[in-house]
Every structure is written in C-alpha cells, then in structure tokens.
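Since the structure comes first, as structure tokens, the remarks are kept for the end.
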Amino acid sequence: MVRVVPMASSVRPTLFSLTFSPPSSLPLFNPSPRLSLSGAVSQFHNFGLKASRLLRQDGYPVRAMASGDVSQSVAAASPENVLEWVKQDKRRMLHVVYRVGDLDRTIKFYTECLGMKLLRKRDIPEERYTNAFLGYGPEDSHFVIELTYNYGVDKYDIGTGFGHFGIAVDDVVKVVELIRAKGGKITREPGPVKGGRSVIAFVEDPDGYKFELIERGPTPEPLCQVMLRVGDLNRSIEFYEKAFGMELLRTRDNPEYKYTVAMVGYGPEDKSTVLELTYNYGVTEYDKGNAYAQIAVGTDDVYKTAEAIKLAGGNVTREPGPLPGINTKITACLDPDGWKSVFVDNVDFLKELE
C-alpha cells in the first residue's frame, strides 16, 4: 500500500486548478482546449460563465491585459537577470490534467486500486464538463491529478508521446495483486527494472493511462513521476533548466534497449514529483493525441516566467496577466516538443485558497 509521510510546513502554495477541456461541438481528435478555473466555484457563480468563455484559446477570444498589469521589473531586467531569477523562484509542480471517458469508473479505480483520495469534484453543466481532483494529500501541499470528463465523450487518443505516471508504494507485489483481484490490467509483472535493482510493475487504468508502481520507502509525495517522450533530450534538459528552473537530477542511458532517460524536478526523487524525459534512439517526433493536457506549476512572477520561457526558446501560448473576474495571474507555454504547461502566481492562488 501507499504510505505518505507529512510534508514540511515550508511547502509552497498550490494552484486552485486550471483545466483545459475541449468543447463538445468540436471534432473528437482535434479539440480546442477550454481554459477555466476549476477550483473557484463561488467566483464563477458571482461573475457568471462569461468569464470562463473569455479564457478560451486556440481560436477563441482571450481578454487583453491592461498595460498597467505588466510587471515593471521585466522591462528593466536583462536576459541574464531573468534566467538567474528563475533559479531562485519558488516553484512546485501542482497538478497534472488529462481527460477520461467515464469519471466515476476512473475515480473508483484510483481510490480502490491505487489508494488515492477523492479531494473534490465539481460539475459545470452549462459548459458540459466535470472535474475531479485525486491524490495522496491536500492540493496545497501535494502534486495531484485533475481529471476532466466532457459530456458525451467516452474515448480519447492518448497518442505515443505520453508515457506514464509513477507511484511510489511500499510493496509492489501486494498492490499488483490487489489490482488484479479487482479486474485491473497488469502490463508488466513485478520485478527488477531492466539494468537495475528497483522493483517495479506497470498497470493501466480504464482509459489506458499507464502507471508505473515503484517500490520505495515512505515518501511525502507518492505521486512521484510524469513521464513524457521527447525528440532531443539535451534540448529538453536545457529548456527545463532555463525556463522552468528545474534541476537535472540524473540521467540513465540504456543502449541495449535504445533509450535514454533524464529526471528533472524541483527536489529529490524520493521527496517530490519529477518529470521523466525519455528519448528513444532516432525518434524525433511523437503523436500527442488529445487525452493528456498539461501540468501546472506555481511561480512568484508570471511575467518574468514568460520572459524566461521566451529566452529559453519556448512558445508562450497565453501571455501573462490576470484571469477575467478573479484576477489570478497566469501564463501558459509549450516546450520544444509541444508539451503544454501553465504557471500560476503563488500569492494570487493563496488568496483564492483563503
């Protein structure tokens, strides 16, 4: 079973939630993601759903920032200062967003088989989608999963780019037998990792998302990995170091199986969630499908963050500024392989939590 040890009190605040969900009127395999704050239910009741509609991207209108919103420090800062600031910024991976075809079925699997807790759930019938948040601890101190169910859409294409999520457990064999007893799909039986000694197993959830079970001692962050495939490992490492302020924790080359992995993150693997970037020899592009959406990261300054992303060669898809109605400042970007991330102001989020 999964064991969680308490997080330190110095953990930075987390995002209330940012969801991308495709409008049901669009083709299934060419969604135009919708952006909404899924945690601020009362604010949406106060300001109406017009605010959420103003946040749409990829062909939808986005409210322009007022000139006074732009951080004065960005204009005065040199590129070197901005990139140096990134290393000092208070960042934490907040949650990962993806789409599922049957919300209740997925919740049942995650809670009964993977030991997660349903943290909260909200339905927006006017926008025809429902969100559920699951994890191993509260959102203000743990990395969590945000599931999106779009009315009437029961299947998504996961593609070939997304890899898996990692979960640290005390006893891999015990968890696998529990999942098997409940009818879950085991895609890799428990055993040592190839070329190493760590005991792992792989299972699939009802939508086909893979989870790697990693035998590890007690940890404050059991939901410990998000694995994405990239076309140029050195390029990706440099981008996540410069733009995201992540640290390269380790790399491992497996020439026998023709792949290399790099672990990057904001803390050690046994205490925080990390990105596992995988490069398969000779493969430079992947199909991303329409199931996986993005990760969210907290920051002290979305304006400087956007500048750093541009300087590091990233694509800012949502210029920094406050969201209409609730004034939480965000920015969104794509990495060199097209993987999406959203950065949210830490102080603004803390206000939302209060």
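In table form, for the structure just shown:
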item	result
Selection status of Arg235, in contact with a Pro (Cβ under 7 Å, 6 or more places away or on another chain) and either in a loop (DSSP other than H, G, I, E, B) or modelled with pLDDT of 95 or more (or both)	yes
Residues (of a type outside the set (A, V, I, L, M), part of a strand (DSSP E or B) and under 13 Å from Phe165 (Cβ atoms)) located in segment 203-222	Glu204, Lys210, Phe211, Glu212
Candidate set: segment 159-202, residues that are among the charged types (D, E, K, R) and assigned to a loop (DSSP other than H, G, I, E, B); chosen: the one nearest to the chain's Cα centre (by Cα)	Asp170
Matching entry among Tyr259, Tyr240 (being among the hydroxyl-bearing types (Ser, Thr, Tyr), touching a strand residue (DSSP E or B) at 6+ places or on another chain (Cβ under 7 Å), modelled with pLDDT of 95 or more and under 27 Å from Tyr136 (Cβ atoms))	Tyr240
Yes/no for Gly183 being within 30 Å of Asp102 (Cα to Cα) and either open to solvent by 20 Å² or more (accessible area, probe 1.4 Å) or at pLDDT 95 or above (or both)	yes
Of all residues making up segment 203-218, the number that are open to solvent by 40 Å² or more (accessible area, probe 1.4 Å) and either within 19 Å of the chain's Cα centre (by Cα) or among the aromatic types (Phe, Trp, Tyr) (or both)	1
Residues that are modelled with pLDDT of 95 or more, surrounded by fewer than 22 Cβ atoms within 10 Å (Cβ to Cβ) and touching a strand residue (DSSP E or B) at 6+ places or on another chain (Cβ under 6 Å), drawn from segment 119-133	Thr130
Members of segment 112-145 that are within 20 Å of Arg92 (Cβ to Cβ), assigned to a loop (DSSP other than H, G, I, E, B) and hydrophobic (A, V, I, L, M, F, W, C)	Met116, Phe143
Residue in segment 220-229 that is open to solvent by less than 10 Å² (accessible area, probe 1.4 Å), within 15 Å of the chain's Cα centre (by Cα), more than 24 Å from Leu134 (Cβ to Cβ) and in contact (Cβ under 8 Å) with a residue 40 or more places away in the chain present	no
Verdict on Thr148 being closer than 19 Å to Gln294 by Cβ and part of a helix (DSSP H, G or I)	no
Per-region count, segment 136-168, residues crowded, with 22+ Cβ neighbours inside 10 Å, out of contact with any Pro (no Cβ under 8 Å at 6 or more places or on another chain) and among the small types (Gly, Ala, Ser)	1
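The values are calculated or read from the model by the stated rules, or taken from the named source; none is laboratory data. All values derive from a computational prediction rather than experimental measurement. Cβ: placed from backbone, ideal geometry, glycine included. Neighbour counts: every protein chain shown. Quick note on the areas: whole protein, heavy atoms, side chains included, nothing else; ligands and nucleic acids left out. Shrake-Rupley method; radii C 1.70, N 1.55, O 1.52, S 1.80 Å.
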